[in-house]
Amino acid sequence: MSSRSGSVGGGSSAGGGAAVPLAVLLRREVASERTASERPELHAGLFSQAKKGEDFTFLKPDCERLPGVPSSSFSAFGLFDGHNGNGAAIYTKENLLNNILSAVPADLNREDWLAALPRSLVAAFVKTDKDFMTKARSSGTTVTFVLIDGLVITVASVGDSRCVLEAEGSIYHLSSDHRFDASKEEVDRVTESGGDVGRLNVVGGAEIGPLRCWPGGLCLSRSIGDQDVGQFIVPVPLVKQVKLSTAGGRLIIASDGVWDVLSPEVAFNCSRELPPEPAAEQIVKTAVQSKGLRDDTTCIVVDIIAEKNNSSMPLPKKQPGIGVFKNMFCKKKSPDSSSHADREYMDPDIVEEIFEDGCALLSRRLDSEYPVRNMFKLFICAICQVELKPNQGISVHEDSSQPGSLRRWDGPFLCQSCQEKKEAMEGKRRSRDSSKNSE
């Protein structure tokens, strides 16, 4: 499968039927003319070999968050590696993007849309998980979801599918494995929330295999679904946002059927110089030839081609706050003689990290500093987006044990059912239910 981006209508949008003021339309027209020639070309390819039929993909290079406005175009790519059935993977594929767009405040300019994405992605992942829980119990899925807007790449992930970037001769990891073996912090979080993490016990007391959560034996600490394992297997994603240089780059998004066998270096090297679809096929076949088809093995390759003679789009302004707008990926620093404004609009020759946060606490991930905080309506549930009356909302900081100057009567706010979801994820709902039963 090979595709090229353009400004095709019919992309997903955040809806809203209210009349748009003329001034807004004029601003959009100016922005559209200015950015029409700035967007890179995207070429995407997909290849998969099925063992269980539980891997699903989402490739939509032509989306518009504002219908009919080419300057609001972006591309979306997703990989969903299901387990214990395909229900969660299919449901997430069909609903996640709409939930993301519904969580983004309407009519933001491009800079604010990119700044709002990290919080909106967290809300959308949790809403998708919460809604799926009403439909099924046993199925679960990893999610690696990639949004590309110009040269800015935003990746949200739970589970052990991965997204890696090669740009200017270097490899950057835009996701991380949510496996218990990979993170003691995740083991501690789940056990403190009421989970039991350990290896499989066999006759004689020996322990074998990876660390798993019991009951159920899931080796992932984060996913969508998996209600039968426990709601401390949370859907809160790691979110990374980076900006490419005008040299562009190549993304590989693949399931663990690839990464259990190939390193990122091998994956890029074995597919170098190939177009995306043959590259994806080569990566999958190389993985399968190494150890056989033991699992569904799926790969998406996306080439981001930015023309050198086009001026790049400005980097979203760096904002203070938790985990916001760091620069860990910079290969070199901007000259000291350059002003902040000059650096903000110059053509970068680096891969620059804008945002990274992988904390599992909703009280942190849904909160945000000014000016991002002001983009979101106060009396809207921060997860499911239902309207709240001033006395209905429950602060995300309710029962927070974090030190500092948190004011629990401040937002963001949750509706009652989303607050119960938050408590269940943190192990509080279970303990409260137990105390009620003992009375």
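Note that region 90-242 presents 32 Å² accessible area per residue, ligands and nucleic acids not counted, probe 1.4 Å. Take the solvent-accessible surface of the protein heavy atoms, probe 1.4 Å, and return the percent of it on region 45-200 that carbon and sulfur atoms account for. Accessible surface attributable to carbon and sulfur in region 45-200 totals 45 percent. Structure note, pairs LYS389/LYS421; LYS135/LYS422; LYS243/LYS285; LYS127/LYS389; LYS130/LYS377: Cα-Cα distances above 24 angstrom occur for LYS243/LYS285.
May I ask you to derive the FRET efficiency for GLU168 and ASN391 from their Cβ-Cβ distance with R0 = 56 Å, giving the value to the nearest 0.05? The partial results should precede the final answer.
Numbers: r = 54 Å, r/R0 = 0.96.
After rounding to 0.05, the efficiency reads 0.55.
Could you tell me which trypsin sites (Lys or Arg not before Pro) in region 80-176 are loop residues by DSSP with no more than 12 other beta carbons within 10 angstrom of their beta carbon? Answer by residue number: LYS135. Extension gain for ASN109 to SER138 (0.36 nm times residue separation, less C-alpha to C-alpha distance): 6.4 nm. Once all protein chains are placed together, HIS397 keeps about 10 Å² accessible to a 1.4 angstrom probe.
Think of each Lys and Arg Cβ as +1 and each Asp and Glu Cβ as -1; about the Cα centre, that makes the dipole of region 55-204 roughly 420 debye.
Please give the FRET efficiency for ASN95 paired with GLU273, using the beta carbon to beta carbon distance and R0 = 60 Å, rounded to the nearest 0.05.
Working: r = 37 Å, r/R0 = 0.62.
It comes out at approximately 0.95.
Quantify, in whole percent, the carbon and sulfur part of the accessible surface of region 206-307 (1.4 Å probe; protein heavy atoms only). Of the solvent-accessible surface of region 206-307, carbon and sulfur hold 50 percent. Extension gain, LEU293-GLU398: 0.36 nm per intervening residue step, less the Cα-Cα distance, totals 33.0 nm.
The values are calculated or read from the model by the stated rules, or taken from the named source; none is laboratory data. Bear in mind that the values here come from a model prediction, so they are computed numbers and not experimental data. Don't worry about glycine lacking a Cβ; one is built from the backbone with ideal geometry, like all the others, and counts go over all protein chains shown. Protein only, heavy atoms only, side chains kept; ligands, DNA and RNA dropped before computing areas. Shrake-Rupley method; radii C 1.70, N 1.55, O 1.52, S 1.80 Å.
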